Amino acid sequence: MSSAGLNKWIVSGNLAADAQVKTVELRTGESVQVAEATLYVQKPRNRKEAFTVSLQIWEKSLAWRKLPYLKKGSLIICTGSLEANPYLSSNGNTPRAGLEMTVLDVDLDIIKSNEIETEAPAIEPVSAA
């Protein structure tokens, strides 16, 4: 098996806001739903600095079923494909590097709900009895 053309990334960070769902129309004329969110990722060497990754979660993906848990401040781990998406800042039209991830799956680390921070439930191992 060849890994030519493989684009698989894993990134962890906190959600800037709740994921927002919108309906988009594909070229085929079919309407589908996509959720969008922004992830703040801390830099490993300087935890006071962060960068953002724009997330897109398409319906029928594994990540879609976790949308109810994607709340502002939640710490999540995303797996998916990443693309560069440069843009001009609104403050001074400065060129900025942007990252956009099409999320395939989400692992929940710390979920924020009703201002109470909770650990994601642990999955009990199945015994082979």
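Computed from the coordinates by the stated procedures, all read-outs in this text should not be read as laboratory data. Only a predicted model underlies this, so the values are computations on that prediction, with no experimental measurement involved. All Cβ positions, glycine included, derive from the backbone under ideal geometry; neighbour counts span all protein chains shown.
Computed over all pairs of different Cα atoms, the Kirkwood value for the hydrodynamic radius of the range 9-119 is 14.9 Å.
Under a model in which nothing but the beta-carbon of Lys, Arg (+1) and Asp, Glu (-1) is charged, the range 9-119 shows a dipole of about 300 debye around its Cα centre.
Close amide H contacts of THR38 (hydrogens built in the peptide plane, cut-off under 5 Å, sequence separation of 5 or more or a different chain): ALA16, ALA17, LEU55. Sorting 106-112, 93-99, 33-39 by their mean Cβ neighbour count within 10 Å, with the most densely packed peptide first, gives 33-39, 106-112, 93-99. For the range 92-108, 3J(HN,Hα) computed residue by residue from phi via the Karplus equation (6.51, -1.76, 1.60; θ = phi - 60°) reads x, 6, 7, x, 10, 8, x, 10, 10, 10, 8, 7, 9, 8, 10, 9, 8 Hz, glycine and proline entered as x.
Along the range 68-83 the Karplus relation, 6.51 cos²θ - 1.76 cosθ + 1.60 evaluated at θ = phi - 60°, assigns HN-Hα couplings of x, 9, 8, 10, 3, x, 5, 8, 10, 10, 10, 10, x, 9, 10, 9 Hz to successive residues, with x for each Gly and Pro.
Work out, in µm²/s and without decimals, the Stokes-Einstein translational diffusion coefficient of the range 1-65 at 4 °C, 1.567 mPa s, Rh from Kirkwood over C-alpha pairs. Before the final figure, lay out the partial values.
Details: Rh = 14.2 Å.
Result for D is 91 µm²/s.
Under 27 Å of direct C-alpha separation, and excluding same-chain neighbours fewer than eight residues apart, LYS66 reaches these lysines: LYS8, LYS22, LYS43, LYS112.
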